[in-house]
Amino acid sequence: MSMTVLTVDDSRTMREMLRLALADAGFHVVQAEDGIHGLEVLQAAAERPQVIVTDINMPRMDGFGFIEEVRGDQRYRGIPILVLTTESDAEKKNRARMAGATGWIVKPFNPVKLVDAIRRVAA
Amino acid sequence: MTQTTQNAGAGGLRELISFRIGAQEFCVDIMVIREIRGWTPATALPQSPAFVRGVINLRGAVLPIVDLASRLGFESTEASDRNVIIVAQIGEQVVGLLVDAVSDILTITDDMIQPTPDVASETAKTFVRGLIPMDGRMISLIGLERVLPDLELEAA
Amino acid sequence: MDPLAAIRETFFQECEEQLAELEAGLLAMEEGDSDPETINAVFRAVHSIKGGAGAFSLEALIRFAHVFETALDEMRSGRLAPSGEVLKTMLRAADVLADLVRAAHDDDSSDDPRAAALVEELKAMSGGAEDTSESEEDWGDFEFKPQVIAFDAPAAPAGYVVRFKPRADLYAKANEAALLLRELTRLGEAQIELDAHDVPPLADLDPEAAYLAWTVTLTGDADETTIREVFEFVDGDCELDVQPIADGDGGGDGGEALPAFDLSALLAKVQQDGANDPPLIVQPDEPETAPAAAIPPPPPAAPVTPPPPANDPHPDAQGPGARKAAEGATIRVDLERVDRMIDLVGELVINQAVLAQRVMEAGLARASAVAVGLDELEQLTREIQDSVMAIRAQPVKSVFQRIPRLVREVSAMTGKPVRLVTEGEGTEVDKTVIERLADPLTHMIRNAIDHGLESPEKRAAAGKPAEGVVRLSAAHRSGRIVIEVSDDGGGINRERVKAIAVEKGLISAEATLSDEEIDNLIFMPGFSTASEISEVSGRGVGMDVVRRSIQALGGRINITSKPDKGSTFTMSLPLTLAVLDGMVVSVSGQTLVAPITAIVETLQPKAEDVHSLGGHARVISIRGGFVPLIDVGLALNYRADPLPATQGVALLIEGEGGARAALLVDAIQGQRQVVIKSLEANYRQVPGVAAATILGDGRVALILDIDTIVAVSRGETRKAG
């Protein structure tokens, strides 16, 4: 039974790259375009995703807002969340962690590292 | 009847379709031929050269018909049910060539093509790429690139 | 297509969208928009482009986008004020970014000279805020490497002892100790010991607190860095201690002696207490390398582990499945599929016409069930056709989008400040028309600025504001789309234009022309050459080319001008190139189609109304005025002798600039909507013929190019008169 990953990113290119990398590794991929859409997808999902991968800079609700919402919801707070970041300075990473991110992946992401990071946080 | 080549080393194999206009025989590379169909009356085009007979409907596309006899410098064809239209792809365009009848499919090698003798009319020079001897007849190999009217001639 | 290549294409498409957002946002800010969301959107646009560029290793693009992004970040965080100067630089940067994107798409790696200069300007604006940790990185391999003080033991240690005690925060971020330990076991042979002495009695247990600690003795080749990497995400949320195994420590006793831990007792207690059904973590699939002596990481049977993980036995109420993505849902469709559908619908229209004709020929009564059914079919076909045409309809915005940049460039080149006003960007037109609008439009805008607008000095002298205004608008009018380009410049210098036309033999010196006719002289082929441009205050080169492009689209263009006030180009185009409402007529035994939009009325000429001007030229009197009577059969060379006017029917038509004429045909067969088939596709343009169509009987009928027929006849009428 394959794991379901929810990817949240406003860039179509990035969504497709994530889908390609994750599907290749055998994951089932569900996608959303921004924080608000991500919450909608979570609500509507028949099966809760086991991991979430999210971008930070998005319209309507950014990554920080999204993580806080997810962590604030009883149903979803246990889902590991990895943030995608091109911003490698400690301050941004810290902010993500303060918001409740489980881990991070640096963009441009290496598909192998992406899968490794997921395995480190999800069974 | 197809003629199989004996010396494979002397150039690639080519397939040609041969056809008849009046008493003469011609052939073209089969690769440019889309289909062969019977004649239908064409809708005349104003201000066009005599060899452009008009246009017909080919399954929804508008196809110009060139009277090849006239184009090659012979007498215009009196078109009727017995004529044949060879639909050919010339560059980006599809054109119908009005001829008398289609004869055969020939398989030849490049070395069988003899150069055009320097006798010739302008038309021969424009269209004839070479001569192919076959069973005692000479079949002229035609290149279709210039079969449609040249643009410069039309500038009013 | 290779999936990565497909995504690359997606990336470039997305870039175009982002570039449009970027420009729109910067322009809005120039107009005074101070909404933080606008600047955020602008930042995100460049951020997105940079992200994707990184994925495809487009170096030049990455470098430029990075500097641009940094400057935008300064702006969005309030450290850089969005002054007019700053925004102008940003707009130039946006233009360069667009060019770099396109160069990357075309695999053109030549340097853009403007990029280096702009990079310096942007850096200066960012005031050294640039984040140096990113600038020199090798993008593909960036790793977070914690600083490790290297204690190089003379020989590599046999292994390490890792002591790991998570804090509550670790679990709060949904990290799982078990998974981390599992990762460790992948690095070598691991012996794991649990330290549970901090676990309080069940009653005092806080499910969200952290009580457990582990000591892992890891033997193998893994070095300290790799081990610490496993805990990369939880750094700061746990106590982590990594020590090399001292020589001689066979690997048993890595730390303090741990009290024995009775898992089964604890489990029993838990089950008794009927605690909230905490599920077991699924044991990792990889075979445990821990030797029998070690206790495998405890499953969170103990309510120590916080929030129930994914396999919660109480699935919550599913959110209403009906909650779809918002209003205005769209889908992306392959353009080829749409085109194919439009072709098929076109064929449907033809087929239905053929059927209708055959039914008529079969002599069925108009009221018969078959005829009625056919009428319904025709209704339905029209509706399908309308819906399908609407699919391909797009707002002209996509063409108008390129204009602001064009205006900036020409304005800079000519040194004339220009303000662009656009209206009606949402007006929808068939995609086929839109694509072919771009070039003519570009031409006209260029001309408006270059030739229409006066220099700032001249404008000042005339009491006009230094900044010239160019207005671009689109609207639907009587079934066509009308696009106007106007400027508030000096207008057409009619004296000069007339002089040039006479000089070039385009008109005779004695000819009297209305102001409007003089203005439209600029469209004549051969009107101007490059040398004229600098002298003439009117329009310049290329107008005949523009007119021909518009005509090829089935459209019309003309110009109106007021001296010192400005000029307006008006283009009228069909809504779609695919279908035409036509009047089917007979001319010399040929069946032709005339576009209905051009036809004002039809009439039966009376002998007394028709007058000859000499040769074949005739005019017909209509309500007190005279218009040329054009014998279509003659004009197209279908006949050598003119048709007596009383034997035919006259179609009163209106062409460009309101010019009227009457077309004499043999008879009118009827009105029909016809599907336009291109003549140029397989042949070439034929003078007097706009396109072709296929009639009900399967034969090809030509569609008349009214404007050309009229123009040619006018020329002849003038010569005769």
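Would you point out which residue out of C:VAL407, C:VAL429 is in a helix (DSSP H, G or I), within 23 Å of the chain's Cα centre (by Cα) and surrounded by 17 or more Cβ atoms within 10 Å (Cβ to Cβ)?
Going through C:VAL407, C:VAL429 in turn, the sole match is C:VAL407.
Collect the residues in the range C:661-679 that are at the interface with another protein chain (Cβ under 9 Å from one of its Cβ atoms) and either among the β-branched types (Val, Ile, Thr) or surrounded by fewer than 21 Cβ atoms within 10 Å (Cβ to Cβ) (or both), keeping them in residue-number order.
Within the range C:661-679, C:VAL675, C:SER678 qualify.
Checking C:THR217 against (1) within 23 Å of C:ILE245 (Cα to Cα); (2) in contact with a Leu (Cβ under 9 Å, 6 or more places away or on another chain); (3) buried (at least 19 other Cβ atoms within 10 Å of the Cβ); (4) not aromatic (Phe, Trp, Tyr), only one condition comes out false. Which one?
(2)
Kindly establish whether A:ARG48 is facing another protein chain (nearest Cβ under 7 Å), part of a loop (DSSP other than H, G, I, E, B), at pLDDT below 90 and in contact with a Lys or Arg (Cβ under 7 Å, 6 or more places away or on another chain).
Criteria not met by A:ARG48.
Which residues, counting only those in the range C:201-231, are under 20 Å from C:LYS173 (Cα atoms) and among the acidic types (Asp, Glu)?
C:ASP206, C:GLU208, C:GLU229, listed by residue number.
If I ask for residues that are modelled with pLDDT under 85 and part of a helix (DSSP H, G or I), which ones from the range A:57-102 would you list?
If the condition is that a residue be modelled with pLDDT under 85 and part of a helix (DSSP H, G or I), then A:ALA90, A:GLU91, A:LYS92, A:LYS93, A:ASN94, A:ARG95, A:ALA96, A:ARG97, A:MET98, A:ALA99 are the ones that fit.
B:SER70 - would you say it is at pLDDT 90 or above and either of a type in the set (S, T, N, Q) or surrounded by fewer than 18 Cβ atoms within 10 Å (Cβ to Cβ) (or both)?
It is true that B:SER70 is at pLDDT 90 or above and either of a type in the set (S, T, N, Q) or surrounded by fewer than 18 Cβ atoms within 10 Å (Cβ to Cβ) (or both).
Those residues that are within 12 Å of chain C (Cβ to nearest Cβ) and in a strand (DSSP E or B), I need them from the range B:33-58; list them, please.
B:ARG34, B:THR43, B:VAL52, B:ARG53, B:GLY54, B:VAL55, B:ILE56, B:ASN57, B:LEU58
Hey, among the residues in the range C:410-425 that are among the polar types (S, T, N, Q) and surrounded by fewer than 19 Cβ atoms within 10 Å (Cβ to Cβ), which one's farthest from C:ALA438 (Cα to Cα)?
Ranking the qualifying residues of the range C:410-425, first place goes to C:THR414.
Any idea which of A:GLU68, A:GLU91 is facing chain C (nearest Cβ under 10 Å), surrounded by fewer than 23 Cβ atoms within 10 Å (Cβ to Cβ) and among the charged types (D, E, K, R)?
Only one candidate passes the filter, namely A:GLU91.
From the list B:VAL102, B:VAL147, B:VAL128, which residue is modelled with pLDDT of 90 or more, of a type outside the set (Gly, Ala, Ser) and surrounded by 14 or more Cβ atoms within 10 Å (Cβ to Cβ)?
After ruling out the rest, the residue left standing is B:VAL102.
In the range A:94-112, which residues are more than 7 Å from every other protein chain (Cβ to nearest Cβ), under 15 Å from C:PHE233 (Cβ atoms) and of a type in the set (Val, Ile, Thr)?
A:ILE105
Take the residues of the range C:458-508 that are among the small types (Gly, Ala, Ser) and closer than 14 Å to C:ASN447 by Cβ: which is surrounded by the most Cβ atoms within 10 Å (Cβ to Cβ)?
Within the range C:458-508, the match that is surrounded by the most Cβ atoms within 10 Å (Cβ to Cβ) is C:GLY489.
Quick check on my filter: what residues within the range A:22-41 are surrounded by fewer than 21 Cβ atoms within 10 Å (Cβ to Cβ), more than 10 Å from chain C (Cβ to nearest Cβ) and either modelled with pLDDT of 90 or more or in a strand (DSSP E or B) (or both)?
The answer is A:HIS28, A:VAL29, A:VAL30, A:GLN31.
So C:LEU61 passes all but one of these: (1) in contact with an Asp or Glu (Cβ under 8 Å, 6 or more places away or on another chain); (2) part of a helix (DSSP H, G or I). Which condition number does it fail?
(1)
Which residue, of C:GLN647, C:GLN671, is of a type outside the set (Val, Ile, Thr), over 30 Å from C:SER561 (Cα atoms) and modelled with pLDDT under 90?
C:GLN671 is the lone residue from the list that is of a type outside the set (Val, Ile, Thr), over 30 Å from C:SER561 (Cα atoms) and modelled with pLDDT under 90.
Determine which member of the set C:ALA24, C:ALA94 is surrounded by fewer than 20 Cβ atoms within 10 Å (Cβ to Cβ), within 17 Å of C:GLN401 (Cβ to Cβ) and modelled with pLDDT of 90 or more.
C:ALA24
Of the numbered conditions (1) surrounded by 20 or more Cβ atoms within 10 Å (Cβ to Cβ); (2) modelled with pLDDT under 90, B:ILE113 fails exactly one; give the number of that condition.
(1)
Go through the range C:46-62 and give me each residue that's of a type outside the set (A, V, I, L, M) and facing chain A (nearest Cβ under 10 Å).
Residues satisfying the conditions are C:HIS47, C:SER48, C:LYS50, C:GLY51, C:GLY52, C:GLY54, C:PHE56, C:SER57.
Of everything in the range C:683-715, what is surrounded by fewer than 20 Cβ atoms within 10 Å (Cβ to Cβ), facing another protein chain (nearest Cβ under 10 Å) and farther than 19 Å from B:VAL52 by Cβ? Give them in sequence order.
C:ASP697, C:GLY698, C:VAL712
When you check A:ARG12 against the structure, is it more than 20 Å from C:LEU170 (Cβ to Cβ), within 9 Å of chain C (Cβ to nearest Cβ) and among the charged types (D, E, K, R), yes or no?
yes
Could you grab the pairs with beta carbons closer than 9 Å, sequence gap of 6+ or different chains, first residue in the range C:1-22 and more than 9 Å from chain A (Cβ to nearest Cβ) and free of Cβ contacts under 8 Å to residues at least 40 places away in the same chain, second one among the hydrophobic types (A, V, I, L, M, F, W, C) and outside any helix (DSSP H, G or I)?
Short answer, once both residue conditions are applied: C:GLU9/C:MET1.
From the residues in the range B:59-81 that are touching a strand residue (DSSP E or B) at 6+ places or on another chain (Cβ under 8 Å) and not aliphatic (A, V, I, L, M), which one is nearest to the other protein chains (Cβ to nearest Cβ)?
B:PRO64
Show the residue pairs meeting these rules: Cβ distance below 6 Å; 6+ apart or different chains; first residue within the range C:347-361 and closer than 22 Å to B:ALA61 by Cβ; second residue of a type in the set (Gly, Ala, Ser).
C:GLU347/B:GLY60; C:ALA353/C:GLY696; C:VAL354/C:GLY696; C:GLN357/C:GLY696
Residue by residue, here is whether (1) modelled with pLDDT under 85; (2) not assigned by TED's automatic domain parsing to the domain that holds C:LEU355 holds:
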{"residue": "C:GLY373", "(1), (2)": "no, no"}
{"residue": "C:LEU377", "(1), (2)": "no, no"}
{"residue": "C:ASP386", "(1), (2)": "yes, no"}
{"residue": "C:VAL399", "(1), (2)": "no, yes"}
{"residue": "C:VAL410", "(1), (2)": "no, yes"}
{"residue": "C:VAL418", "(1), (2)": "no, yes"}
{"residue": "C:GLU423", "(1), (2)": "no, yes"}
{"residue": "C:GLY468", "(1), (2)": "no, yes"}
{"residue": "C:HIS476", "(1), (2)": "yes, yes"}
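Among (1) outside any helix (DSSP H, G or I); (2) buried (at least 16 other Cβ atoms within 10 Å of the Cβ), where does C:ALA353 come up short?
(1)
The values are calculated or read from the model by the stated rules, or taken from the named source; none is laboratory data. Computed from a prediction, not measured in an experiment: that's the story for all the values here. Cβ coordinates were reconstructed from backbone atoms using ideal geometry, including for glycine residues, and neighbour counts include every protein chain displayed.
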